[in-house]
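Asks: Got a structure here, written out as structure tokens. Questions coming.
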Amino acid sequence: PERINQIPFKMRAELRCAVVAASSRILLAGGGHSHVQFLRNWRMNPIPGVEVFLVSDVVNTPYSGMLPGRLAGWYSNKEMHFNLLNLCAQSGATFIHDAVVGLNAAQRQIFLAEHPPLNFDVCSLNVGIAPTLPSGSAGNPRVVPVKPISQMLSRWHEVLDDIEVSGDQPRLVVGGGAAGYEISMALAMAACRANRSFKIQILEAGPHILPGHSAAVRKRAVKILASWGIEARVNCAVKKVNVQIAQLSSGPDVNFERMLVTTGGEAPGWFKTTDLRLSNTGFVMVDEFLQAFPGVVFAAGDCAHFSARPLNKSGVYAVRQGPPLIANIRHAVEKSAASSGAVTSSGPSGVLTSSRLERFVPQRKTLSLLISGDRHALGSYGPFAFEGCWVWKWKDRIDRKFMERFGERPMMSGAMTVNTCGGCGGKASAQTVNELVKSLLADSSVKSLVPGQTEDVGYLGDMAVTVDGFRTFTQDLFLFGEVAVLHALNDLFACGTKPGGVTVMVTLPPAADKIRANQLLHLMKGVMAVLAGHGIPLLNAHTAEGSDTSISVTALGNAGRRWAKQGLAPGQVLVLTKPLGTGALIQGWMQGRLSEDSYLALRESLVKSHGPWLAKNSVPVAAATDISGFGLIGHLSEMMGVPAIGAVTSSGPSNTVTQVGPGRLGVKIVVNQTAVASLPNFSELELNGVAAYMTAQNRLAYAGLISGTAPEKNFSLLYDPQTNGPLLLSVAEKDAGNLLLELRGVGFSSAKIIGCVESSTESRIVLE
């Protein structure tokens, strides 16, 4: 048990479920307040044989209870957001970064914008709502809808910039509910901090602000608003917006500087295409068990219409719906697993953990705590009203305690002793490969059959051939298929060769036929998306069953142009096309410790192809390689013709590089460490001990090549194994400028000169 507790949560969940093949799938559409609670519950108690997928078009999803405090500047983005990517990784669930565009409950399929359809046994919808805007305001840059919150937060800086704008035109807040009240307060506090004064008007269509609250609460709210110079206008709806003019239902038109819309919301448009029952306003109808399609589809949060009685669109209800939703999804999937003969968490098939569904009973009275000044809040519960700094402290404590439940969890400590990496970080070490080559070359019967060069590809006449593959780092198999093919094609690109076709070998772990078919569809659709983008045919494909999901890709091309790996000569400069760091970031992803910007940058790098640049390349390339499993230093050593030379001890390398001999080049490579770009937050991951297993192995193998007075900065970046990594191109110094223009012209904005080649009697790498 003590050893198990040191294993990352994702791997712990995999170990618990390892004895049972995947037989059922839960699909969570959206990352709302109910679904993040499900992920937390699943992390603590997964069901063997059941896989969980969460689909969301955003990585970070906000906790609405902390939004006013975030706008007021009291919380950071990290403090008020759930990181869905990390929650999924720590729970053993699969995160799919995509938008839902349709659902067929009868066929148990959900449709996505970019991925193929996902099959499910049980589905839950927690996708939020779309904003309802006044007539004529769609697309108006001066109109900011509050929902979806993630989009509103991205535009809040525009609202704050307005503080510097002088003039008498007011800032309008449409809607006098809780959201309108708190956003008006946040605006007023921002103006106060900037020592600016401007008009703020709340426009409420009904007879009272804070409808649904008691008269005592409304009375206090009006007084608080007046003390901050905020005007609240009731019975005043916005009929139409014309640029910066708001036409009102009562009173004259108003010229405004900025309009923030907090009223209502609409159901996602794709709901109309489903076979679910919808309310008159287009929301998904759910019964007392939160079922939209009995036993198959559930719904919670703002996107659901509770048929028993109408509920306000409030995060309070979404949070309260979490526990019954969790219980009912688990009950439904266990029932599905039992009918298919799978073993559930409670025992053999047919034995369910719950004998009935759990009802959601919404409370008649809800506690509402609204920010009303600097660390000051107004409280409402039924007929009671109260306010003060103590109310703010109470609210702050409640919100922080809730968010703490979803924070990072401790991962295993100490150096990794087992290679659990995916991608190119999950391969054999350089020393292992080098020893293998030595053994093969020592056997005279096969020596002539072993390639003597370290090129990225082999040649049969005019045909260039390469093979590459690895086990997966994500169960988003569409993405995995894309990355695996691009990684293999990169070998051809590094030789200046245009690909002509590929073959694919896929290995998948045991699973029910319905799941296996959907897995293969996603993986092969990812493969075909890359092939279609490059105009390359799939020659054939095969499948096998194994303990891990993995793929092997053979790529072939016509070697009309052959760039050598070992064509270095003094006077050349080295150009790196992309940032390094995919090894550490993939490991951070698998451990559930990756920030949103890191994930987005990693994903962009993983699916970025050098094919478009190769098609336009006109600059002579003297030597080239792609940076992959052995890291930058390892592949630089290959360019010099020097193999892995041994381990590093406390007194230095176990053996040193001798004078230039057969097969070695009389050059040294000078690397400017500050010019080597890294993916976002690489250094932060390094400081927290997150690194690919191969990083340490590469350093053991190649650190003896390093010389120079400059210490290794971020040394793990130099040895980090890359998946679909950058190309390293050696060109004449006079051609470097044109090469950079070519690369940046097709999207390689991070391409840089990182070093140069100098004459030497000893092969070595000098760090500056």
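Asks: Specify the residue that is most open to solvent (accessible area, probe 1.4 Å); the eligible residues are those in region 231-248 that are closer than 17 Å to residue 132 by Cα and in a loop (DSSP other than H, G, I, E, B).
Replies: The first filter runs over region 231-248 and keeps only residues closer than 17 Å to residue 132 by Cα, leaving 236-242, 246-248.
Of the ones still in play, those that are also in a loop (DSSP other than H, G, I, E, B) are 236-237.
Details: 236: 2, 237: 34 Å².
By that ranking, first place goes to 237.
Asks: If you check residue 318 against the conditions, is it out of contact with any Cys (no Cβ under 7 Å at 6 or more places or on another chain), at pLDDT below 90 and open to solvent by less than 30 Å² (accessible area, probe 1.4 Å)?
Replies: yes
For every residue, the table says whether it meets (1) open to solvent by 30 Å² or more (accessible area, probe 1.4 Å); (2) on the phi > 0 side of the Ramachandran plot; (3) within 20 Å of the chain's Cα centre (by Cα); (4) free of Cβ contacts under 8 Å to residues at least 60 places away in the same chain.
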| position | (1), (2), (3), (4) |
| --- | --- |
| 109 | yes, no, no, yes |
| 116 | no, no, yes, no |
| 130 | yes, no, no, no |
| 138 | yes, no, no, yes |
| 146 | no, no, no, no |
| 150 | yes, no, yes, no |
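Asks: Looking only at region 482-521, count every residue that is closer than 28 Å to residue 613 by Cβ and part of a helix (DSSP H, G or I) and tell me the total.
Replies: Residues meeting the conditions: 12.
Asks: Kindly evaluate residue 434 against the criterion of being modelled with pLDDT under 85, part of a helix (DSSP H, G or I) and surrounded by fewer than 20 Cβ atoms within 10 Å (Cβ to Cβ).
Replies: Working: modelled with pLDDT under 85: yes; part of a helix (DSSP H, G or I): yes; surrounded by fewer than 20 Cβ atoms within 10 Å (Cβ to Cβ): yes.
Spelling it out, residue 434 is indeed modelled with pLDDT under 85, part of a helix (DSSP H, G or I) and surrounded by fewer than 20 Cβ atoms within 10 Å (Cβ to Cβ).
Asks: A further question follows. Restricting the search to region 175-215, which residues are assigned to a helix (DSSP H, G or I) and more than 12 Å from residue 72 (Cα to Cα)?
Replies: Listed by number, the residues that qualify are 178, 179, 180, 181, 215.
Asks: Can you tell me how many residues within region 216-226 are open to solvent by 80 Å² or more (accessible area, probe 1.4 Å) and either part of a strand (DSSP E or B) or out of contact with any strand residue (DSSP E or B) (no Cβ under 8 Å at 6 or more places or on another chain) (or both)?
Replies: 1
Asks: Looking at residue 713, is it among the basic types (Lys, Arg) and modelled with pLDDT of 95 or more? Spell out the reasoning first.
Replies: On the way: among the basic types (Lys, Arg): yes; modelled with pLDDT of 95 or more: no.
No, not satisfied.
Asks: Can you pull out every residue in region 437-455 that is under 24 Å from residue 629 (Cα atoms) and modelled with pLDDT under 75?
Replies: 450, 451, 452, 453, 454, 455
Asks: Quick test of your reading of the structure: residue 467 fulfils all but one of (1) part of a strand (DSSP E or B); (2) over 21 Å from the mean Cα position of the chain (by Cα); (3) closer than 30 Å to residue 54 by Cα. Name the failing condition by number.
Replies: The number of the failed condition is (3).
Asks: Then there's this: Are any residues in region 375-419 at pLDDT 90 or above, open to solvent by 50 Å² or more (accessible area, probe 1.4 Å) and either of a type in the set (A, V, I, L, M) or outside any helix (DSSP H, G or I) (or both), and if so, which ones?
Replies: Matches in region 375-419: 375, 381, 383, 384, 387, 398.
Asks: Something else about it: Of everything in region 154-194, what is open to solvent by 50 Å² or more (accessible area, probe 1.4 Å) and polar (S, T, N, Q)? Give them in sequence order.
Replies: 154, 166, 169
Asks: Still on this model: Quick one: is residue 537 touching a strand residue (DSSP E or B) at 6+ places or on another chain (Cβ under 8 Å), modelled with pLDDT under 95 and either surrounded by fewer than 24 Cβ atoms within 10 Å (Cβ to Cβ) or farther than 21 Å from residue 118 by Cβ (or both)?
Replies: no
Asks: Okay, moving on. Before we move on, is residue 516 among the basic types (Lys, Arg), over 18 Å from residue 722 (Cα atoms), touching a residue at least 24 places away in the same chain (Cβ under 8 Å) and open to solvent by 40 Å² or more (accessible area, probe 1.4 Å)? Full working, then the answer.
Replies: Numbers: among the basic types (Lys, Arg): yes; over 18 Å from residue 722 (Cα atoms): yes; touching a residue at least 24 places away in the same chain (Cβ under 8 Å): no; open to solvent by 40 Å² or more (accessible area, probe 1.4 Å): yes.
Considered against the rule, which asks whether it is among the basic types (Lys, Arg), over 18 Å from residue 722 (Cα atoms), touching a residue at least 24 places away in the same chain (Cβ under 8 Å) and open to solvent by 40 Å² or more (accessible area, probe 1.4 Å), residue 516 comes out as no.
Asks: Can I ask one more? Of all residues in region 717-768, which are within 25 Å of residue 679 (Cβ to Cβ), of a type in the set (S, T, N, Q) and either open to solvent by 20 Å² or more (accessible area, probe 1.4 Å) or not in a strand (DSSP E or B) (or both)?
Replies: 722, 723, 724, 749, 750
Asks: A further question follows. Exactly one condition in (1) open to solvent by 30 Å² or more (accessible area, probe 1.4 Å); (2) touching a Phe, Trp or Tyr at 6+ places or on another chain (Cβ under 9 Å); (3) of a type in the set (D, E, K, R) is false for residue 476; which is it?
Replies: So residue 476 meets the others, but not (1).
Asks: Please indicate, with yes or no, whether at least one residue in region 337-350 is modelled with pLDDT under 80, touching a strand residue (DSSP E or B) at 6+ places or on another chain (Cβ under 9 Å) and assigned to a helix (DSSP H, G or I).
Replies: Scanning region 337-350, I find at least one residue that is modelled with pLDDT under 80, touching a strand residue (DSSP E or B) at 6+ places or on another chain (Cβ under 9 Å) and assigned to a helix (DSSP H, G or I), so the answer is yes.
Asks: Another one. Regarding region 558-569, can at least one residue be identified that is closer than 28 Å to residue 420 by Cα and open to solvent by less than 40 Å² (accessible area, probe 1.4 Å)?
Replies: No: region 558-569 contains no residue that is closer than 28 Å to residue 420 by Cα and open to solvent by less than 40 Å² (accessible area, probe 1.4 Å).
Asks: In region 575-630, how many are open to solvent by less than 10 Å² (accessible area, probe 1.4 Å), in a helix (DSSP H, G or I) and over 19 Å from residue 683 (Cβ atoms)?
Replies: Of the residues in that region, 2 qualify.
The values are calculated or read from the model by the stated rules, or taken from the named source; none is laboratory data. Keep in mind it's a predicted model, so treat the numbers as computed, not measured. Quick reminder, even Gly has a Cβ in these numbers, built from the backbone with ideal geometry, and neighbours come from all protein chains shown. Side chains are part of the model used for accessible areas, which takes the heavy atoms of the whole protein and leaves out ligands, DNA and RNA. Shrake-Rupley method; radii C 1.70, N 1.55, O 1.52, S 1.80 Å.
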